[in-house]
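Written out below as structure tokens is the structure these notes cover.
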């Protein structure tokens with residue numbers, strides 16, 4: 001496999017799993033808004049599993065870079081890293097919002 005093909009493959013793994021992470025996290029938020037906290041926790045766990053897959057691919061990318069094998073950073077790779085960071089941020093914020101939903105439900 002050529003080097004550019006490997007970077008594209010890593011990028012697509014990051015994009016696909018980051019997107020799935022974000023989707024699962026937003027599904028968790030919808031469940032929490034409806035008071036379904038067990039379902040929300042399961043979805044957050046699923047989101048974390050997707051994150052782990054994206055993170056593994058990203059770690060491989062960092063290892064390639066450390067070896068000096070990443071010479072050409074294209075738009076796809078930049079997009080992948082942006083996608084991963086925005087998904088991570090969304091998941092972190094959603095966890096905080098779900099915490100607040102739980103707190104509000106207890107106080108009602």
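The values are calculated or read from the model by the stated rules, or taken from the named source; none is laboratory data. The structure displayed is predicted, hence computed values, not measured ones. Glycine also receives a Cβ, built like all others from the backbone with ideal geometry; neighbour counts cover every protein chain displayed.
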Q: Give segment 55-87 a look and list any residue that's in contact with a helix residue (DSSP H, G or I) (Cβ under 7 Å, 6 or more places away or on another chain) and under 22 Å from residue 44 (Cβ atoms), or say none.
A: 57, 58, 83, 84, 87
Q: Quick one: count up the residues across segment 72-84 that are loosely packed, with under 12 Cβ neighbours inside 10 Å and farther than 13 Å from residue 6 by Cα.
A: 2
Q. So, in segment 14-33, of the ones that are touching a residue at least 60 places away in the same chain (Cβ under 8 Å) and surrounded by fewer than 22 Cβ atoms within 10 Å (Cβ to Cβ), which residue ends up farthest from residue 83 (Cα to Cα)?
A. 33
(Q) Quick test for you: out of 57, 20, pick the one residue that is closer than 19 Å to residue 5 by Cβ, in a helix (DSSP H, G or I) and modelled with pLDDT of 95 or more. (A) 57
**Q.** Sole exception among (1) loosely packed, with under 15 Cβ neighbours inside 10 Å; (2) in contact (Cβ under 8 Å) with a residue 12 or more places away in the chain; (3) more than 13 Å from the chain's Cα centre (by Cα) for residue 60, by number
**A.** (1)
Q.
Report every pair of residues separated by at least 6 positions or lying on different chains whose Cβ atoms are under 7 Å apart, first residue within segment 34-57 and more than 25 Å from residue 10 (Cβ to Cβ), second part of a helix (DSSP H, G or I) and modelled with pLDDT under 95.
A. 35/105
